[in-house]
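See below for the structure under consideration.
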Amino acid sequence: AQSVTQLDSHVSVSEGTPVLLRCNYSSSYSPSLFWYVQHPNKGLQLLLKYTSAATLVKGINGFEAEFKKSETSFHLTKPSAHMSDAAEYFCVVIRTDTGRRALTFGSGTRLQVQP
Amino acid sequence: GAVVSQHPSRVICKSGTSVKIECRSLDFQATTMFWYRQFPKQSLMLMATSNEGSKATYEQGVEKDKFLINHASLTLSTLTVTSAHPEDSSFYICSARYGGLNTEAFFGQGTRLTVV
């Protein structure tokens, strides 16, 4: 079954410094992967998605992620953090074992941005 | 485009009563809708998947008689929490998908349910 592991529950960076949120996936074949962001008590917003096209995926708000099959990773990066980036980030894979194609969420990474 | 509206955003109810949460796709027809539950500072856990006009498929451990899901049309799904208890208090989020099976899902704003 497809699954994702977010390696860090909390990440803290200073404003203006790079952001790295790590995600590893488990899948028997090429997965569909996503990063979503959730601000407090809000729904989820799609940041970017990988669906077997280009391995470097650019998303909204300056975020990007690189799909690395050899490392089974899909880490999320941003060159320069902004205060408004503080939120919970979820790495997500489409679950295909049941045929329902539901999204399976990682445990989440809380990003703190210090002034 | 691809907006999902969830209502209400917050609800407080008494133990033993039932609460209905609506999820609407505003500008597309959703082939599939999903209901998730999120406990504080935790990830989203899939509760059930529903397709228009058919019975919902529940995840293991989710009581189908307690969490009634109706997907009456391609733009509306409802989740009814029956005979609510304080342990049902949680953040419930719906999502909807259109198009291919490997496309992203769009999420509602979530509903904060508090059972007192």
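The values are calculated or read from the model by the stated rules, or taken from the named source; none is laboratory data. As the structure is a prediction and not an experimental result, all values here were calculated from the model. Please note: Cβ atoms are built from the backbone with ideal geometry, for glycine as well, and neighbour counts cover all protein chains shown. These area figures cover heavy atoms from the full protein model, side chains too; ligands, DNA and RNA do not enter into them. Shrake-Rupley method; radii C 1.70, N 1.55, O 1.52, S 1.80 Å.
From the backbone phi of the stretch B:30-36, what are the Karplus-calculated ³J(HN,Hα) couplings (6.51 cos²θ - 1.76 cosθ + 1.60, θ = phi - 60°) in whole Hz, Gly and Pro given as x?
Taking θ as phi minus 60°, the curve returns 8, 5, 9, 10, 10, 10, 10 Hz for the stretch B:30-36.
If the viscosity is 0.692 mPa s and the temperature 37 °C, what translational diffusion coefficient in µm²/s does Stokes-Einstein give for chain A when Rh comes from Kirkwood over Cα pairs? Walk me through the intermediate numbers first.
Values: Rh = 14.2 Å.
Using the Kirkwood radius from Cα pairs, D works out to 231 µm²/s.
Hey, can you find the accessible area per residue of chain B for me, probe 1.4 Å, expressed in square angstrom?
Numbers: 5620 Å² over 116 residues.
Here the per-residue accessible area is 48 Å².
Note down the Stokes-Einstein diffusion coefficient of chain B in µm²/s, whole number, using a Kirkwood radius over alpha carbon pairs, 37 °C, and 0.692 mPa s.
Stokes-Einstein gives a translational diffusion coefficient of 233 µm²/s.
Calculate what fraction, in whole %, of the accessible area of the stretch A:1-60 sits on carbon and sulfur atoms when a 1.4 Å probe is rolled over the protein chains.
Accessible surface attributable to carbon and sulfur in the stretch A:1-60 totals 53 percent.
To the nearest 10 square angstrom, how much accessible area does B:Leu68 have with a 1.4 angstrom probe?
The accessible area comes out at roughly 80 Å².
Which lysines, on any chain, are close to A:Lys78 with Cα under 20 Å apart, when same-chain ones fewer than 8 places away are left out?
A:Lys49, A:Lys58, A:Lys68
On the accessible surface of the stretch B:1-114, probed at 1.4 Å, how many percent belong to carbon and sulfur atoms?
Exposed carbon and sulfur together represent 52 percent of the surface.
Residues of the stretch B:29-58 losing 40 Å² or more of accessible area relative to the isolated chain, 1.4 Å probe, heavy atoms only?
Residues shielded by partner chains are B:Tyr36, B:Ser43, B:Leu44.
Send over a whole-number figure in Å² for the accessible area per residue of the stretch A:1-45, probe 1.4 Å.
Numbers: 2170 Å² over 45 residues.
Dividing the accessible area of the stretch A:1-45 by its residue count gives 48 Å².
So what are the ³J(HN,Hα) numbers for the stretch B:52-60, from phi and the Karplus equation (6.51, -1.76, 1.60; θ = phi - 60°), rounded to whole Hz, Gly and Pro as x?
4, x, 10, 5, 6, 9, 9, 6, 4
May I ask for the accessible area buried between chains A and B, both sides summed, probe 1.4 Å, to the nearest 100 Å²?
By this definition, chains A and B bury close to 1800 Å².
Describe numerically, in nm with one decimal, the distance between label points set 7 Å from Cα along Cα→Cβ at B:Leu26 and at B:Lys55.
Going from the B:Leu26 label point to the B:Lys55 one covers 3.4 nm.
Given the pairs B:Lys20/B:Lys55; A:Lys42/B:Lys55; B:Lys20/B:Lys66; A:Lys42/A:Lys69; B:Lys14/B:Lys66, which span a C-alpha to C-alpha distance of over 22 angstrom in this model?
Among B:Lys20/B:Lys55; A:Lys42/B:Lys55; B:Lys20/B:Lys66; A:Lys42/A:Lys69; B:Lys14/B:Lys66, the Cα-Cα distance tops 22 Å for A:Lys42/B:Lys55; A:Lys42/A:Lys69.
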